[in-house]
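These notes are about the structure you will find just below.
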Amino acid sequence: MRLLLKRWWWLLLVSLTVVGLARVRFDVEVLNLLPDGLPVVQGLRLYQKHFTGMRELVVTVRAPAAEQAESAARQIAESLRQETNLVAEVVWQPAWLEHPEQMGELIAYLWLNQPPELFAQLAQRLAPERLPSLLRETREQLATSLSPVEIGRLSYDPFGFTRLPETGLGDGAVFSASEAGFASADGAFRVVYVEARTALTGYRKCAAWLADIQAVVGRCQSTRSWPGGVTVRYTGAPPFTTEIATGMERDIQGSVLATLVLIVLLFWWAHRSWRPLALLLLTLGCVVTG
């Protein structure tokens with residue numbers, strides 16, 4: 001009877017340990033480690049969930065010359081666009097430069113989203129009875145203007161569709177060849193915006209997705225057409241989450257294992273007995289997992 005009770009005791013202890021180990025998870029999300037009752041923490045969680053781009057990755061390209069940076073960014077974008085299971089969208093230059101055939105639709109969309117009074121002014125300016133005078137004004141501007149930008153714009157846009165009032169410039173600068181937001185002034189530094197196909201809900205998913213993206217870029221760098229002297233880096237929410245979370249997980253695992261090994265060595269050095277040592281480790285496991 002006593003032997004049976006001992007066996008049942010061991011079975012109960014092992015069962016509790018297994019249940020506790022099944023509940024173990026390494027939660028290294030920074031906001032999850034903070035107190036839930038703080039309004040600031042709740043606000044940060046809402047902001048991170050609804051406003052920050054957890055699916056958005058920024059790939060930076062730095063090269064000795066603008067031509068090399070442009071070539072590298074184009075190769076990265078084309079390669080990532082082929083990975084439809086990983087990437088939903090890749091943008092490396094303004095839409096009107098990459099898809100000039102969509103310029104008409106883009107201009108119409110921008111005008112339709114103007115305030116009603118501004119759209120009404122456009123309709124009045126393009127009324128049939130005003131078109132002859134509008135064309136005469138455009139012809140006079142072409143004859144007297146010394147600005148190459150204005151001459152080029154008015155030659156292709158005599159009715160002024162590209163003169164969007166929201167720019168505050170009146171010269172169609174929003175559709176110029178400028179690549180602000182995608183390249184530096186000298187063109188030697190460029191960025192490629194990448195959006196993940198699926199939601200990156202956890203840090204492990206972020207790490208796996210980022211590793212796949214880096215593998216695709218690595219294959220680009222190994223091709224013969226890849227320009228020399230180009231440096232590629234990654235920033236945004238996925239790299240930040242991956243670096244912080246994996247670092248915290250590695251630190252936690254290292255601390256737990258080091259503490260466990262130290263306890264085992266000290267206990268064995270003091271008592272030289274396996275049975276109490278096993279009971280101690282089992283108790284520690286129950287405490288940690290509980």
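The values are calculated or read from the model by the stated rules, or taken from the named source; none is laboratory data. Every value quoted in this text rests on a predicted model; they were computed, and no experiment measured them. So basically every Cβ, Gly included, is an ideal-geometry build from the backbone, and we count neighbours across all protein chains shown. Side chains are part of the model used for accessible areas, which takes the heavy atoms of the whole protein and leaves out ligands, DNA and RNA. Shrake-Rupley method; radii C 1.70, N 1.55, O 1.52, S 1.80 Å.
Things to note:
- Entry remark, the stretch 40-83: residues being polar (S, T, N, Q) and either at pLDDT below 90 or in a strand (DSSP E or B) (or both) number 4 in total.
- Checking each residue in the stretch 182-194 for being surrounded by fewer than 15 Cβ atoms within 10 Å (Cβ to Cβ) and either modelled with pLDDT of 90 or more or under 19 Å from VAL232 (Cβ atoms) (or both) picks out SER184, ASP186.
- So LEU142, is it open to solvent by less than 90 Å² (accessible area, probe 1.4 Å), touching a helix residue (DSSP H, G or I) at 6+ places or on another chain (Cβ under 7 Å) and part of a helix (DSSP H, G or I): yes
- Qualifying residue in the stretch 251-258 (condition: within 28 Å of the chain's Cα centre (by Cα), not acidic (Asp, Glu) and not in a loop (DSSP other than H, G, I, E, B)): yes
- None of GLY236, GLY228, GLY218 is in contact with an Asp or Glu (Cβ under 7 Å, 6 or more places away or on another chain) and of a type outside the set (A, V, I, L, M) except GLY236.
- Summed over the stretch 216-257, residues that are touching a residue at least 12 places away in the same chain (Cβ under 8 Å), under 21 Å from VAL59 (Cα atoms) and open to solvent by 30 Å² or more (accessible area, probe 1.4 Å) total 12.
- Residue check for LEU164: at pLDDT below 85 and either within 30 Å of ARG74 (Cβ to Cβ) or open to solvent by 40 Å² or more (accessible area, probe 1.4 Å) (or both): yes
- Look at the stretch 123-150: where a residue is in contact (Cβ under 8 Å) with a residue 40 or more places away in the chain, no partner that is aliphatic (A, V, I, L, M) and loosely packed, with under 10 Cβ neighbours inside 10 Å sits 6+ places away or on another chain with Cβ atoms under 7 Å.
- Taken over the stretch 115-139, the residue count meeting the criterion of being under 23 Å from MET103 (Cβ atoms) and open to solvent by less than 80 Å² (accessible area, probe 1.4 Å) is 10.
- Just one residue in the set LEU110, LEU86, LEU97 is surrounded by 13 or more Cβ atoms within 10 Å (Cβ to Cβ) and modelled with pLDDT of 85 or more; that residue is LEU86.
- Flag if ARG197 is more than 20 Å from GLN75 (Cβ to Cβ), out of contact with any Ser or Thr (no Cβ under 8 Å at 6 or more places or on another chain) and open to solvent by 60 Å² or more (accessible area, probe 1.4 Å): no
- Residue match in the stretch 264-275 (condition: touching a helix residue (DSSP H, G or I) at 6+ places or on another chain (Cβ under 9 Å), assigned to a loop (DSSP other than H, G, I, E, B) and open to solvent by less than 50 Å² (accessible area, probe 1.4 Å)): yes
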